[in-house]
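Where a number appears in this text, it was derived from the coordinates with a stated rule and is not lab data. Keep in mind the model is a prediction, meaning the values are calculated, not measured. Using ideal geometry, Cβ is built from the backbone for each residue, glycine included, and neighbour counts are taken over all protein chains shown.
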Amino acid sequence: MPQTSLTEYLDKHGVRYSVVTHSPAFTAQGVAALSHTPGKNLAKSVVVKLDGKMALVVLPASFQIDLDLLRKATKATLVELASEREFKDRFPECETGAMPPFGNLYGLDVIADEMLANDTEIAFNACSHRDLIRLPWRDFERLAEPKLARFAAKRTAAA
């Protein structure tokens, strides 16, 4: 099971969590539907480059990144999405695109949209396209130490 290091990390820090296994899904909205989790309650992790340095941003699955808001929040000059080719080796035990929001475990700063802090729980991919982990927000915040910022924008019908 790919999430072994992640669950070992959570166990080591006394975090109570649950693992939900579902049929394979390759989009955050697909994971939300299969795991019966509202899209606003499922966190997706996206690798970005802030002035050339990779970081992990975390936002509700039903939203998209507003790069301009992220640029302002981070005071970066250039903000862009990283390509899978650029980051896939950074997450060796994770399937590409199924990274958990614990960028700190992979040498990446974590920036979470402040909307996520409004919930008592966070749910996210657990290194595979079949597993989801749910845990208390306060434990995620304590361990990942994300910078909170506002950078998520509601998807439009065209998106």
Practice task
Could you list the residues of region 42-61 with an amide nitrogen less than 17 Å from a label point located 7 Å from the Cα of residue 77 in the Cα-to-C-beta direction?
Solution key: 49-54
Practice task
Given the options 78, 50, 59, state which has the largest fluctuation in a GNM of the chain using a 10 Å cut-off (strictly under) for Cα springs.
Solution key: 78
Problem - Subset of 49/75; 53/147; 12/49 violating a 24 Å alpha-carbon distance limit - result: 12/49
Problem - Anchor residue 154: aspartates and glutamates whose Cα lies under 13 Å away (excluding residues fewer than 8 positions away in-chain) - result: 66, 113
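Restricting to Cα pairs below 8 Å that are 6+ residues apart, what does the relative contact order work out to for the chain? Please round to a whole percent.
Details: 307 pairs, mean separation 46.8, N = 159.
Once normalised by length, the contact order is 29 percent.
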Practice task
Quickly work out the residue 153-to-residue 96 label distance, labels modelled 7 Å from Cα along the C-beta direction, and quote it in nm with one decimal.
Solution key: 2.7
